[in-house]
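First comes the structure, then the notes that go with it.
The values are calculated or read from the model by the stated rules, or taken from the named source; none is laboratory data. Worth saying up front: this structure is predicted, and the values here are computed from it rather than measured. No Cβ is skipped: glycine too gets one built from the backbone with ideal geometry, and neighbour counts run over all protein chains shown. These area figures cover heavy atoms from the full protein model, side chains too; ligands, DNA and RNA do not enter into them. Shrake-Rupley method; radii C 1.70, N 1.55, O 1.52, S 1.80 Å.
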Amino acid sequence: MKIKQKLPRLTSYQKSVLFGTLLGDAYISRAKATGKHLVKFEQKESSLPYVIHLHSLFRVFIHKSEPIKQVILGKINKNGQFSKERKSYISRTCIDSTWDFYANLFYSKPVEGQKRKKKVPSNIHKWLTPIALAYWYADNGSKESNGIYLHTQRFRHSEIVCLQKALGKNFGFRVSIQRSRKDRNSHKLYIWEESRNEFFGIVGPYLHPTFSHKLDHPFIGPRVKEWYTSQ
């Protein structure tokens with residue numbers, strides 16, 4: 001993959017989207033040859049409009065004209081269990097030093113022969129804006145009858161505590177940490193019912209229509225120009 005030259009700086013909107021999606025499903029890969037990085041956005045087939053939206057937002061950093069479809073065939077694992085075929089859409093940025101800062105924030109230091117693990121920056125409160133929160137919720141949030149879950153099971157407990165404090169400090173939400181039912185060693189964030197309306201009021205203006213079912217009130221749609229235009 002060729003490296004684009006003289007790329008522009010990320011806009012404040014793009015930065016917030018990147019922070020939100022990195023708390024969610026987006027991830028950063030490192031090119032061995034150069035040590036530089038690229039960002040990959042991936043979602044299941046039914047969320048293609050959302051991937052197209054992310055592709056458009058970061059279009060100046062992307063070589064491909066549209067997201068790529070990926071099909072992973074079903075197979076039988078060593079325990080004899082069959083995994084279903086998985087279809088998704090992927091949008092990749094170009095390899096560039098632009099992403100090095102974010103890779104260093106969100107990933108452990110590279111160790112030869114080991115895969116870098118995603119982590120939560122200790123100062124995440126500096127970048128947890130309403131925009132970042134909306135994209136994080138789109139990727140890894142769910143609406144429950146009495147509250148809201150942010151699924152943080154991939155992170156360490158100390159990192160989840162950091163996120164809990166950031167949500168309280170930046171937005172005043174009442175947030176608790178709950179054990180996952182499937183894995184008692186992992187945890188998720190629960191935003192209490194008393195903060196529910198405020199939460200939806202904050203994320204609603206930035207949430208993609210693909211995730212309108214995650215709101216309590218009728219979907220209005222984004223009300224910022226950056227949402228609609230390619231950068």
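Odds and ends about this structure:
- Using the Cβ-Cβ distance between LYS87 and SER29 with R0 set to 22 Å, the FRET efficiency works out to roughly 0.60.
- Length released on extending from ASP183 to SER12, taking residue separation times 0.36 nm less the Cα-Cα span: 57.9 nm
- Among 15-25, 160-170, 115-125, sorting by the average number of other beta carbon atoms lying within 10 angstrom of each residue, highest first, gives 15-25, 160-170, 115-125.
- In this rough spin-label picture, where each label sits 7 Å from Cα along the Cβ direction, the ASN104-LYS36 distance is 1.6 nm.
- Heavy-atom surface analysis with a 1.4 Å probe gives the chain a carbon and sulfur content of 50 percent of its accessible area.
- Between ARG154 and HIS63, full extension at 0.36 nm per residue minus the direct alpha carbon distance yields a gain of 29.8 nm.
- The chain: relative contact order in percent, alpha carbon pairs under 8 Å with at least 6 residues between: 20 percent
- Calculated FRET efficiency for the pair GLU198/LYS115, C-beta based, R₀ 45 Å, to 0.05: 0.75
- Coarse-grained scattering of the chain at q = 0.11 Å⁻¹, given as base-10 log I(q)/I(0) from a Debye sum over alpha-carbon atoms: -0.60
- Accessible area (Å², per residue) of the chain, counting only protein heavy atoms and a probe of 1.4 Å: 56 Å²
- Contact order normalised by residue count of region 91-149, Cα under 8 Å, 6+ apart, percent: 17 percent
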